[in-house]
1. Mind telling me which of the residues 90, 118 ends up being closer than 23 Å to residue 18 by Cα, small (Gly, Ala, Ser) and assigned to a strand (DSSP E or B)?
2. Please specify each residue of region 27-56 satisfying the condition of being at negative phi and assigned to a loop (DSSP other than H, G, I, E, B).
3. Applying the selection to region 73-100, what residues are loosely packed, with under 15 Cβ neighbours inside 10 Å and hydroxyl-bearing (Ser, Thr, Tyr)?
4. Restricting attention to region 80-97, does a residue exist that is farther than 22 Å from residue 15 by Cα and either in contact with a Cys (Cβ under 8 Å, 6 or more places away or on another chain) or touching a residue at least 12 places away in the same chain (Cβ under 8 Å) (or both)?
5. Between 48, 42, which is more than 18 Å from residue 123 (Cα to Cα) and among the β-branched types (Val, Ile, Thr)?
6. Has region 108-119 got any residue that is aromatic (Phe, Trp, Tyr) and under 23 Å from residue 35 (Cα atoms)?
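Just so you know, all these numbers are worked out from the coordinates, no wet-lab data involved. None of the values given here were measured: they were computed from a predicted structure. Here the Cβ positions follow ideal geometry from the backbone for every residue, glycine too, while neighbour counts run over all protein chains shown.
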Amino acid sequence: MNGSFRPPFPGTLDVRTFFAGRTRAWGTVIDRRGRLARRFTVDIQGEVDGDRLTLDEHFSFDDGATDRRTWTIACGGGALTGSAGDVVGAARGAIDGAALSWRYDLMLPVGRRRIRVAFDDLMVLADHDTLLSRAVIRKFGLRLAEVVIAFRRTPQARSH
């Protein structure tokens with residue numbers, strides 16, 4: 001192809017609209033050698049209050065483990081600032097069209113310990129109901145793993 005064909009694109013990402021209501025996500029963790037390390041699903045309930053978005057995330061991993069994270073995200077002017085219990089400081093992001101660049105440090109459970117790692121996450125709207133995410137996890141600047149997630153809004157969320 002000569003590059004002149006452009007498929008229709010869903011426009012600008014509005015995280016408040018996308019995550020309002022229920023969302024389901026499926027993800028994988030790929031280790032630094034490129035091997036599948038873990039799979040998981042996430043059930044998310046999103047609540048919007050003006051420029052504030054709260055995400056209640058429930059994780060279920062293929063090894064039987066579970067986890068929960070509650071994000072509070074302030075949205076305004078294409079910029080995002082977020083916090084969660086295991087996030088160190090503030091998460092910061094910026095929206096550019098259909099993409100969100102999102103960076104934060106997280107206390108990641110590894111065995112019985114928690115280690116501080118940096119997440120560099122790129123989320124892209126694939127269509128009006130699907131958001132794709134690729135996050136690189138680093139420690140001391142070294143790539144530890146990559147997380148790939150597909151978010152899909154549930155039918156109830158589409159009416160918001």
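1. Working: 118 fails: closer than 23 Å to residue 18 by Cα.
After applying the criteria, what remains is 90.
2. To start, the set of residues in region 27-56 that are at negative phi comprises 27-33, 35-49, 51-56.
Residues satisfying the conditions are 32, 33, 35, 51.
3. Passing the criteria: only 81.
4. So the first thing to find is which residues in region 80-97 are farther than 22 Å from residue 15 by Cα, and the list is none.
Checked against the condition, which is being farther than 22 Å from residue 15 by Cα and either in contact with a Cys (Cβ under 8 Å, 6 or more places away or on another chain) or touching a residue at least 12 places away in the same chain (Cβ under 8 Å) (or both), region 80-97 yields no hits at all.
5. Working: 42 fails: more than 18 Å from residue 123 (Cα to Cα).
Unique residue meeting the criteria: 48.
6. Narrowing region 108-119 to residues aromatic (Phe, Trp, Tyr): 119.
So of that shortlist, the ones also under 23 Å from residue 35 (Cα atoms) come out as 119.
Looking for residues that are aromatic (Phe, Trp, Tyr) and under 23 Å from residue 35 (Cα atoms), one finds at least one in region 108-119, hence yes.
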